[in-house]
Amino acid sequence: MNLHINLILPSERRSGSNVSSKFLLQLVAVILPVLLLLLVLSLIIINKQTSSKLLALKSTWAQTEITQKTVQDIQQEMSASTNLVHDLTLWLDSKLETHVMLKELAEVIPVTAQLTMLTLNDNLVSISNTFQRAGVLFLRGKVTGKQPGEDISNLEKDLVTIKDIDTASVKRYEADPAQRAHTGLASDVKIFDIESLCRQRKLR
């Protein structure tokens, strides 16, 4: 039979470790605040860096918005200029070439005819929601000779060969009332009115 008697009082007992619990607590009490301080400093640095990046991004975005607005303004101006050029081109293309028409008219007027009035009106009309230019050439004159009626009939046909003229029709053909009133006799001078419609030219 073995008998073991512990003669050491509880207050005299010591840990087998070389480091006491009190020392560990003191060490933790010192290190923990330092670690917390380092963590806070790290968070502050990260926050500043993030703020700087955010400001840089905001500045870049603001500059991008300005650039985008400038590009949009330029595009709108270019679009407006393109539309204006297009409209002006259509307007110029739709104009009657009066010098060509008058030159060709002089070639078809019979030698027996004399013009007393010539008007050329170019009107703007709306057809099927589109604007078009419609010209009217009006001729008034006198004709003499052996076959004045045939001369005017040929003139009516020849007018449609002139550039931009679509149709032509005799609106009046009769003896000159002025000569009849002056002499009291039937006049061999005939007066005529011819109206010619120009082809319609689309503006837009």
Taking Ser59 and the conditions (1) out of contact with any Lys or Arg (no Cβ under 8 Å at 6 or more places or on another chain); (2) at pLDDT 80 or above; (3) hydroxyl-bearing (Ser, Thr, Tyr), which numbered condition does it fall short on, given that it satisfies the others? (2)
Which condition number in (1) touching a Gly at 6+ places or on another chain (Cβ under 8 Å); (2) at pLDDT 90 or above; (3) surrounded by 13 or more Cβ atoms within 10 Å (Cβ to Cβ); (4) assigned to a strand (DSSP E or B) is the one that Asp151 fails? (4)
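Out of all the residues in segment 57-100, which are surrounded by fewer than 10 Cβ atoms within 10 Å (Cβ to Cβ) and either over 20 Å from the mean Cα position of the chain (by Cα) or in contact (Cβ under 8 Å) with a residue 40 or more places away in the chain (or both)?
Quick first cut of segment 57-100, residues surrounded by fewer than 10 Cβ atoms within 10 Å (Cβ to Cβ) only: 92, 99.
Result: His99, single match.
Pick out the one residue from Lys171, Lys163, Lys103 that is surrounded by fewer than 16 Cβ atoms within 10 Å (Cβ to Cβ) and touching a residue at least 60 places away in the same chain (Cβ under 8 Å). Reasoning before the result, please.
Numbers: Lys171 fails: touching a residue at least 60 places away in the same chain (Cβ under 8 Å); Lys103 fails: touching a residue at least 60 places away in the same chain (Cβ under 8 Å).
Testing whether each residue is surrounded by fewer than 16 Cβ atoms within 10 Å (Cβ to Cβ) and touching a residue at least 60 places away in the same chain (Cβ under 8 Å) leaves just Lys163.
Only one of Gly141, Gly135, Gly149 is in contact (Cβ under 8 Å) with a residue 40 or more places away in the chain and within 13 Å of Cys198 (Cα to Cα). Can you tell me which? Give the derivation first.
On the way: Gly141 fails: within 13 Å of Cys198 (Cα to Cα); Gly149 fails: within 13 Å of Cys198 (Cα to Cα).
Answer to the check: Gly135.
Being touching a helix residue (DSSP H, G or I) at 6+ places or on another chain (Cβ under 6 Å) and not β-branched (Val, Ile, Thr) is the filter here; which residues of segment 154-172 pass it?
In the first step, residues of segment 154-172 are kept if they are touching a helix residue (DSSP H, G or I) at 6+ places or on another chain (Cβ under 6 Å); the result is 158, 162-163, 165, 168, 170.
Within segment 154-172, Asp158, Lys163, Ala168 meet the criteria.
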Which ones in segment 123-148 are in contact with a strand residue (DSSP E or B) (Cβ under 8 Å, 6 or more places away or on another chain), surrounded by 13 or more Cβ atoms within 10 Å (Cβ to Cβ) and within 26 Å of Tyr173 (Cβ to Cβ)? Ala134, Gly135, Val136, Leu137, Phe138, Leu139, Arg140, Gly141, Lys142, Val143, Thr144, Pro148
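The values are calculated or read from the model by the stated rules, or taken from the named source; none is laboratory data. What you see is a predicted model, and the numbers here were worked out from it, not measured in a lab. Every residue, glycine as well, gets a Cβ built from its backbone with ideal geometry; the counts of neighbours run over all protein chains shown.
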